[in-house]
Amino acid sequence: MPEPPEEIAELAERRARARAAKDFREADAIRERIASAGWTIEDEPGGGSTLTPAAAPEEDVRIRAGDIQSVLDEPATADASVQWVCEGWPEDIERGIESFRAHAADHRLQFVVADVSGEPASRWGDDVEVLRLEQGTGWAAARNAGLRRARGRLVLAMDGSIEATGDAIAPLGAALADASVGACGPFGVVTTDLRQFGDAPGPGPCDAVEGYLMAFRREIVTEAGFFDEKFTWYRTADIEWSFRVKDAGYRCEVVDVPVVKHEHRMWFETPPEDRARWSKRNFYRFLDRWRDRWDLVLSGAPDQP
C-alpha cells in the first residue's frame, strides 16, 4: 500500500488530536480535507487510524430496516445511546447531536441516526453510527432499526426538535434507576377517556411519554417489544409504545430535563389533510389494541352513567 504524502500524514495527526480533545467539528473538517486530497482515513477500534487511497465511488447501498443486526444481547459499552430517525431536516438532528456533545459531561455516549432521507453518512460526524435505510422505510421500522444498534445502558429515542441545554443524561438516569419506571422524558400526556390526551401537569406519573424524547433502559426493548411497524408515520406511536411499557408492568414518568423544544418540522411541514388522515389511522390502530385497558390509565375507568 502506498505511503501517504507527508502533508496528509500531518493532517491525520491533527485530526487524532482533535478527536482526543472531543473537537469533532474540527476532526470532521480535517477528514474532509483528507478526502478532498484523494485519501480515506479509517479509525481503528484500539485507537489510531489508517490512511488509504480513496477508492472509486461505490453504488449507494441501502439496507432493509429488518436486516440491521441487533446488538441488544451484547453487554452495554456506553452510558447512553442517543438516537434519531432522519426523514428530512437533517440540520435539526445536527443541532441535537451538537447539543448532546456539548453537554456530555463524563457520560459515554453512542449516537445513532437511522436515515431514510439519502443524506451522505459523512455529514453526521465520526462519532455517529449511521444506518442508511431503504427509501420508503416507515417511521417505526426506522426507529426499531436504531434500537437494535443500541449499545448504551440507557436509550434516548429523540426527535430533531429537541436541543439539550445541559446534562440531560443525569436526570433521566436518576429516574430510570427506579426499577418500577419503564420510560420517562420531559414531555408526557394523560387521559381520562382513552380518546383525548392532554399535557401532563408536571413531573411525576403520566399515561404516556411523548416521542420528542423517550428514555428507557435498554432491556425494556426486549421486555415490552419494539415499536409497532404499522406506524409508518410517527403520530401516536409514542403513546402506543408507552402502553406496551405499562402493560409489561412499568410506569411512565415526566422528568425535569434541561432541553428546549423547537418547531416540530414533520408536523408543521406536512399538508394538513395528510396529517389529519394519517393521525386518524394511527389513533384507530392504538384504540384497536388498548381501548378497554383502563388498568393502564392513571385515572382508571370513567364513572358509568
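The values are calculated or read from the model by the stated rules, or taken from the named source; none is laboratory data. Fair warning: this is a prediction, and the values are worked out from it, not measured in the lab. Reconstructed Cβ throughout: ideal geometry from the backbone, glycine too, with neighbour counts over all protein chains shown. Remember, those area values only see protein heavy atoms, side chains included, never the ligands or the DNA or RNA. Shrake-Rupley method; radii C 1.70, N 1.55, O 1.52, S 1.80 Å.
Quick notes on this structure:
- Counting protein heavy atoms only, the range 150-283 has 52 percent of its accessible area on carbon and sulfur, 1.4 angstrom probe.
- The largest accessible area among MET214, MET266 belongs to the first residue in MET266, MET214, and the rest follow in falling order (1.4 Å probe, all chains).
- For a straight C-alpha distance cut-off of 25 angstrom, the lysines reachable from LYS261 (same-chain residues fewer than eight places away being disregarded) are LYS280.
- Under the Karplus curve 6.51 cos²θ - 1.76 cosθ + 1.60, θ = phi - 60°, whole-Hz ³J(HN,Hα) for the range 189-195, x wherever Gly or Pro sits: 10, 9, 8, 10, 9, 6, 10
- Among 69-76, 152-159, 7-14, sorting by the average number of other beta carbon atoms lying within 10 angstrom of each residue, highest first, gives 152-159, 7-14, 69-76.
- Coupling constants for the range 110-125 follow from the phi torsions by the Karplus curve (6.51 cos²θ - 1.76 cosθ + 1.60, θ = phi - 60°), and in residue order they are 10, 9, 10, 10, 8, 9, 10, 9, x, 5, x, 4, 5, 6, 8, x Hz; glycine and proline get x.
- Relative frequency of Cα-Cα separations exceeding 32 Å in the chain, percent: 30 percent
- Summarising the amide proton neighbourhood of ALA200: residues at separation of 5 or more, or on other chains, whose placed amide H is nearer than 5 Å comprise GLY188, VAL189, VAL190.
- CD proxy at 222 nm, helix term only [per DSSP H run n ≥ 4: -39500 (n - 2.57); per residue of the chain; nearest 500]: -10000 deg cm²/dmol
- The residues of the range 1-122 expose on average 57 square angstrom of accessible surface per residue, using a 1.4 Å probe on protein heavy atoms.
- Packing-based ranking, highest mean first, of 137-150, 221-234 given that Cβ atoms within 10 Å are counted: 137-150, 221-234
- Rounded to whole Å, sorted largest first: equivalent-ellipsoid semi-axes of the range 167-305, Cα gyration tensor: 22, 20, 15
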